[in-house]
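One structure below.
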Amino acid sequence: MLQSGRLLGVQRVPQLNHHIPTFPYGEGLAALQADPPCWPEPTRTVSEIRLELRFRSQHPLLRHLKRDASSLFLDIVDYPGEWLLDLPLLQMSYQQWSEQMRHQLADPLLAAAASEWLALGNGLSLSAPGDNATLKVLAARYTDWLHHCKSQLGLSLIQPGRFVLPGEYADAPMLQFVPWVWEPLAETAIPGSLQAMLEERFASYKQHLVQGFYRDHFASFDRQIVLVDCLQPLQAGARAFADLEQTLALLMRSFHYGQ
C-alpha cells in the first residue's frame, strides 16, 4: 500500500482484548527520545496494540459508490522471546528433555557452572517419596544456572523459558522441577515418588503454560517477526553463536506446516 501510494494514514485505536495489557509504545518512544536516550524496558509479559490503516481501495464496487477509502485493522502482540523457547517441549517427553539436557552438560564449561545444582541432585533417589521442599531448592539452583547461561555465557537455549521470566507464576509448583541428568529414568515411575513428581510437573508446565500460550496467542498469529539478538552471542564467542544456531534450528521445527 505504501509503495503504490494507497496508504492514507495510520493511527492507534482501542484494542479488542481488554484483559491483555497494552503495549507501552509511548513509554518506549519516550525512552528512545530521552536525553540521553535509553533502551526501553525488556518485554516481561504479553501485551498488544491495535492499529487502523486507512487506504484507497481498488475494489470496483467501492470506487463506484465513491467509498474508495477502506480500513485494515492490525493487531500486534508482543511477548517475551524466552517463552518461544518452550515450544519444542510440546513434542518432547520428560525423558527426552532430560536426555537433551544431559547432552548439553557434556560441555565442561556448562557442567562447571551447573556444579551446585548437580551436587544437590546427586544424592537424590528417583524412587524416594517426592519432597516439595527439596525440589523447590533444587529448582531454584537450576534457575540460577539458567540465568548464568543466559547473562554470563551468552547462551540462547534456555529451557524452560518461564523459569527466567515467570511473571505471575513465580513460586508455582509447576515451575519447580529440573531435568533428571544423573541416572536413567525408570520406565514407569512409582506413584508418589520423586520421578512421578518431576514428570507430573513437567506435564503440567507444558499443558498450562506452553499449550495455553500457544492456544490463546500463538495459534491465532497470521504473521510473526522473531527478533534475534546476535550481538551478545558474537561477543561471547563461537560456543555461544553455535548455541544460537542450534536454538533457531529447534524453533523452526515449530513453524513447519505441510509443504
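With charges only on Cβ, +1 for K and R and -1 for D and E, what is the dipole size of the chain about its Cα centre, in debye, rounded to 20? Let's see the in-between values first.
On the way: 20 positive and 26 negative charges, 249 e Å.
The dipole of the chain has a size of about 1200 debye.
Taking all protein chains into account, the per residue accessible area for segment 157-254 stands at 55 Å² (1.4 Å probe).
Listed values for segment 199-207 are Karplus-derived 3J(HN,Hα) couplings in whole Hz (6.51 cos²θ - 1.76 cosθ + 1.60, θ = phi - 60°), namely 5, 5, 6, 4, 5, 5, 4, 5, 5, and x replaces Gly and Pro. Using 0.36 nm per residue and subtracting the Cα-Cα separation, the extra length available between Ile225 and Arg239 on full extension is 2.5 nm. The calculated FRET efficiency for Val13 paired with Ser125, based on their beta-carbon distance and R0 = 51 Å, is about 0.30. The stretch between Ala140 and Asp35 holds 33.9 nm of extra length on full extension. This uses 0.36 nm per residue minus the Cα-Cα distance. Using the 1.4 Å probe convention, the accessible area of segment 9-135 works out to 63 Å² per residue with neighbouring protein chains retained.
Most simply put, the chain has about 95% antiparallel DSSP beta bridges, counting only bridges with both residues inside it.
Here the chain has 55 percent of its accessible surface on carbon and sulfur atoms, given a 1.4 Å probe and all protein chains in place.
Given 0.36 nm per residue, what is the gain on full extension from Gln96 to Ala203 after removing their alpha carbon distance, in nm? All intermediate terms of the calculation are to be shown ahead of the outcome.
On the way: separation 107, 0.36 × 107 = 38.52 nm, distance 1.26 nm.
Answer, rounded to one decimal: 37.3 nm.
I'd like to know which of Gln152, Gly192, Pro108 lies farthest towards the positive end of the charge dipole of the chain, counting +1 on Cβ of Lys and Arg and -1 on Cβ of Asp and Glu. Positive-most Cα among the choices belongs to Gln152.
Every helix of 4 or more DSSP H residues in the chain counts as -39500 (n - 2.57), and over all residues that averages to -11000 deg cm²/dmol at 222 nm. The mean sequence separation of alpha-carbon pairs under 8 Å and at least six residues apart, normalised by the residue count of segment 163-257, gives a relative contact order of 18 percent.
Based on the Stokes-Einstein relation at 20 °C and a viscosity of 1.002 mPa s, and on the Kirkwood radius from alpha carbon pairs, the chain is assigned a translational diffusion coefficient of 100 µm²/s. Which chymotrypsin sites (Phe, Trp or Tyr not before Pro) in segment 158-193 pass both tests, a DSSP loop state and at most 16 other beta-carbon atoms within 10 Å? Here the chymotrypsin sites (Phe, Trp or Tyr not before Pro) that fit, given the DSSP loop and packing criteria, are Trp182.
If I take R0 = 22 Å and measure r between the Cβ atoms of Asp171 and His148 in this structure, what FRET efficiency does the formula 1/(1 + (r/R0)^6) give, to the nearest 0.05? That gives a FRET efficiency of 0.60. The value of relative contact order for the chain, using C-alpha pairs under 8 Å at least six residues apart, is 19 percent.
Express the relative contact order of segment 1-142 as a whole percentage, based on alpha carbon pairs under 8 Å and six or more residues apart in sequence.
The normalised contact order for segment 1-142 reaches 19 percent.
Highest mean packing first, where packing is the average number of other Cβ atoms within 10 Å per residue, the peptides 207-216, 128-137 line up as 207-216, 128-137. Here is the size of segment 1-149 from its Cα atoms: Rg then Dmax, 25.4, 79 Å.
The values are calculated or read from the model by the stated rules, or taken from the named source; none is laboratory data. If you're wondering where the values come from, they're calculated on a predicted model, not measured in any experiment. Note that we place each Cβ from the backbone using ideal geometry, even for glycine, and neighbour counts take in every protein chain shown. All accessible areas refer to the heavy atoms of the entire protein, side chains included, with ligands and DNA or RNA removed. Shrake-Rupley method; radii C 1.70, N 1.55, O 1.52, S 1.80 Å.
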